[in-house]
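Let me begin by presenting the structure, written as structure tokens, before commenting on it.
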Amino acid sequence: MADEITVVTGLAVSVGGASDEMPTKRLQFDITGDQMIHHVIATSDTETALDIGGLSATGLGWLHLKNLSSTAGEYIDFGTTGALVFRLGPGEEQVLKLIPTVALVWDAAAGKTPLLEYFLTEA
């Protein structure tokens, strides 16, 4: 068996009598790196680069993000410096494959400090 990562995806929406879905799928991808980090950090409302620990910036792979807050309004935005492009509200999570060498930054709601859990692998 090759070194691999498993990602589970899916989305179902039902609103106002209309519904649609992308069925749940279990996807497996080969990876060559053998390093990973798993952290829980307190965020702030200052744009900050995601700490990649001892991983090589040119070999980043999969990232799982989770906003551990359960308090309304404690969101965390993500993107690159000066260009935040997605938001995780309280309890929300996201899995994505990073573009190596692109530094991911986060910025929490003004005056808020929700906890962020993240798990990052090499490619």
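Any read-out appearing in this document is the output of simple, stated calculations on the displayed coordinates, not a laboratory observation. None of these values were measured; they are calculated from a predicted model.
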Cα gyration tensor, the range 1-75 - rounded (a/c under 1.5), prolate or oblate: oblate
Cross-link partners of Lys97 among lysines (Cα-Cα below 19 Å; sequence separation of 8 or more within a chain): Lys25, Lys66
